[in-house]
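Notes to accompany the following structure.
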Amino acid sequence: MKITAEQLGAMIPTNDDVEAWCDELNKALPVYSIDTPQRIASFISQCAHESRDFTALEENLNYSEASLERVFSRYFGDGRRDASLYHRQPEKIANYVYMDKFRSSRGALGNVQEGDGWRFRGKGLKQLTGRNNVEGFAKEFGITAEEASEWLETKEGALASALWFWGKNGLNAIADTGNVKAATKRINGGSIGLADREQRYGIAMQALTGDIPSRAPVSKTLRVGSKGDAVKKMQRKLGVADDGDFGNGTAKAVKAWQTANGLTADGVIGPKSLLIMFG
């Protein structure tokens, strides 16, 4: 089963290079037997969540103090390290949260050499993380881990790594059941971002089997207190820091944008604002 650029556009709505990605996917997916609506929807929705609609091939660790305490709660706050000392310092963050000496044996990533946390931060469509994972991927393609880490930042390498991980972890069998929670657990060991992944899966299945949905963000209404990828997409449109937290600063930017576009400046991004913002 081949996918069209129109279908893919509905699945990765903020990506401006849909046709090129469509060509790459149609060449590569059949090789890994990702050839049914459920398998394609599962693969693309999971990768789209991990990579911000196939636009972020390298993990963004530019977290604020508040975001660190929320995303990496086992490392910051409540008697742990002071998140303010890591505020907006991506390399320092990676060399703390991703180093094996600060992780449980169960969560070890193989990052034991100085700087491995940053060197092997999440990259590719799957956001392949850690020396162990990157070395496994590199071995498959006959290159070094360091070479693989650089290749992961390219479109070809980003897709190759996601497909390698998918096949290695038997994710087609899970995709056949339509169980997004089980696929998410196999991918990241938990349920991080499950709501967004489930919504993306629904949109992908709709695009592949029925009417193609809007290219607007997954969430329908965004306001102060909203969090997640939909907020990040909106923040990037507004040109403000995309930390995924809809706070007072974002609300101020929203009101200014609404005023400029002839909308009621209430600071809430509802259906009408979404339609104008994303088309």
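The values are calculated or read from the model by the stated rules, or taken from the named source; none is laboratory data. Quick caveat, the model's predicted, so the values are computed rather than measured. As a convention, Cβ positions derive from the backbone with ideal geometry for all residues, glycine included, and neighbour counts pool all protein chains shown.
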Checklist outcome for this item: In region 147-176, anything in a helix (DSSP H, G or I) and exposed (fewer than 14 other Cβ atoms within 10 Å of the Cβ) is listed as GLU150, GLU156, LYS168, ALA173
Item to check | Conditions (1) of a type in the set (Phe, Trp, Tyr); (2) within 15 Å of the chain's Cα centre (by Cα); (3) not assigned by TED's automatic domain parsing to the domain that holds ASP16: number failed by TYR75 | outcome: (2)
Checklist outcome for this item: Per the filter on region 62-85, residues surrounded by fewer than 23 Cβ atoms within 10 Å (Cβ to Cβ) and assigned to a loop (DSSP other than H, G, I, E, B) are ASN62, SER64, PHE72, SER73, ARG74, TYR75, GLY77, ASP78, GLY79, ARG80, ASP82
Next on the checklist: Quick check on region 7-54: of everything there that is hydrophobic (A, V, I, L, M, F, W, C), in contact with a Leu (Cβ under 9 Å, 6 or more places away or on another chain) and in a loop (DSSP other than H, G, I, E, B), which residue is farthest from LYS233 (Cα to Cα)?
Outcome noted: ILE34
Checklist entry - List pairs: first in region 177-200 and without any contact (Cβ under 8 Å) to a residue 12 or more places away in the chain, second in a helix (DSSP H, G or I), Cβ under 7 Å, 6+ apart or cross-chain? => result ALA182/ILE174; SER191/LYS181; SER191/THR184; SER191/LYS185
Next on the checklist: Restricting to region 177-194, name every residue that is in a helix (DSSP H, G or I) and under 25 Å from CYS22 (Cβ atoms).
Outcome noted: VAL180, ALA183, THR184, ILE187
Checklist outcome for this item: By residue number, the members of region 119-174 that are under 21 Å from GLU24 (Cα atoms), within 18 Å of the chain's Cα centre (by Cα) and charged (D, E, K, R) are LYS123, LYS126, GLU153, LYS155, GLU156
Checklist entry - What are the residues in region 217-268 that are surrounded by 18 or more Cβ atoms within 10 Å (Cβ to Cβ), in contact with a strand residue (DSSP E or B) (Cβ under 7 Å, 6 or more places away or on another chain) and within 18 Å of GLU69 (Cβ to Cβ), if any? => result VAL231, GLY244, ASP245, PHE246
Checklist outcome for this item: SER161 passes all but one of the listed conditions (1) more than 22 Å from ALA10 (Cβ to Cβ); (2) of a type in the set (S, T, N, Q); (3) in contact (Cβ under 8 Å) with a residue 40 or more places away in the chain; the exception is number (3)
Checklist outcome for this item: The number of residues in region 26-41 that are more than 17 Å from THR209 (Cβ to Cβ) and either touching a residue at least 24 places away in the same chain (Cβ under 8 Å) or basic (Lys, Arg) (or both) is 6
Checklist outcome for this item: By residue number, the members of region 175-192 that are closer than 21 Å to SER51 by Cα and of a type in the set (Val, Ile, Thr) are VAL180, THR184, ILE187, ILE192
